[in-house]
Amino acid sequence: MKEPVGVSLCLLGIPCRYNGGHKQMKGLERFLERFSPVPFCPEQLAGLSTPRVPVQFYGGDARAVLEGRARLIDEKGKDLTELYITGCERALRLVTLLGLKRLFLKEKSPCCGVNVVWVEGRTTEGTGLLKALIEGRGLDIEVFVGDVFDGESL
């Protein structure tokens, strides 16, 4: 039986991003043939539409959000912090229910960012909500940047 791994839905070519597009990564699908991919999108699990108004962090990254020091605000000024947290909580529930130990996520995403996210109009070092939840709970789940996939991540 192949190991199940979580994959951001947009990396597999499914148009679920804020702009209605995707970020399909050449080579990722072939690499994932060794595994049993479990695609998911925290934003869609939150019930958000595609397309949707883009959001970014204000006051810090996802760690700061979970500490109550930052928020996720869309381009129209609407605070969507709780909705995005809900989507990531649901994604994490799926990940733990299925026993996934590896995730391939979309960098710069407010939910799936691994090392870089948008904060107040610029990209900066930080994490998205899903990784912050995983770290905050001390879960043994490896998180990889799926959109700079080099074919040799594992």
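Brief remarks follow.
- Candidates Y58, Y18: the one that is aromatic (F, W, Y) and under 13 Å from the mean Cα position of the chain (by Cα) is Y18.
- Single unsatisfied condition, I73 versus (1) surrounded by fewer than 21 Cβ atoms within 10 Å (Cβ to Cβ); (2) touching a Gly at 6+ places or on another chain (Cβ under 7 Å); (3) of a type in the set (V, I, T): (2)
- Restricting the range 113-135 to residues that are touching a helix residue (DSSP H, G or I) at 6+ places or on another chain (Cβ under 6 Å) and not β-branched (V, I, T), the residue that is farthest from A64 (Cα to Cα): L130
- Scope the range 139-154; condition in a loop (DSSP other than H, G, I, E, B), modelled with pLDDT under 95 and either touching a strand residue (DSSP E or B) at 6+ places or on another chain (Cβ under 8 Å) or buried (at least 20 other Cβ atoms within 10 Å of the Cβ) (or both); matching residues: F149, S153, L154
- Being among the aliphatic types (A, V, I, L, M) and within 17 Å of V53 (Cα to Cα) is a condition met by no residue of the range 97-115.
- Residue count for the range 56-97 under the criterion of being of a type in the set (A, V, I, L, M, F, W, C) and either closer than 23 Å to G6 by Cα or at pLDDT below 95 (or both): the result is 10.
- Close pairs from the range 81-101: first touching a residue at least 40 places away in the same chain (Cβ under 8 Å) and assigned to a loop (DSSP other than H, G, I, E, B), partner surrounded by 14 or more Cβ atoms within 10 Å (Cβ to Cβ) and of a type in the set (A, V, I, L, M), Cβ under 7 Å, at least 6 apart: L98/V38; L100/V5; L100/V38; L100/I141; K101/I141
Quick grid of which residues meet (1) within 22 Å of L133 (Cα to Cα); (2) over 15 Å from the mean Cα position of the chain (by Cα); (3) crowded, with 17+ Cβ neighbours inside 10 Å:
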position: V7; (1), (2), (3): yes, no, yes
position: Q44; (1), (2), (3): yes, no, yes
position: P54; (1), (2), (3): yes, no, no
position: G87; (1), (2), (3): yes, no, yes
position: S109; (1), (2), (3): yes, no, yes
position: V119; (1), (2), (3): yes, yes, yes
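- Index of the failed condition, P39 passing every other in (1) within 14 Å of the chain's Cα centre (by Cα); (2) crowded, with 18+ Cβ neighbours inside 10 Å: (2)
- Looking across the range 102-138, the residues that are out of contact with any strand residue (DSSP E or B) (no Cβ under 6 Å at 6 or more places or on another chain), in a helix (DSSP H, G or I) and either farther than 28 Å from M1 by Cβ or not β-branched (V, I, T) (or both) come down to L129, L130, A132, L133, E135, G136.
The values are calculated or read from the model by the stated rules, or taken from the named source; none is laboratory data. These numbers were taken from a predicted model, which means no experiment stands behind them. Cβ atoms come from the backbone with ideal geometry, glycine included; neighbour counts cover every protein chain shown.
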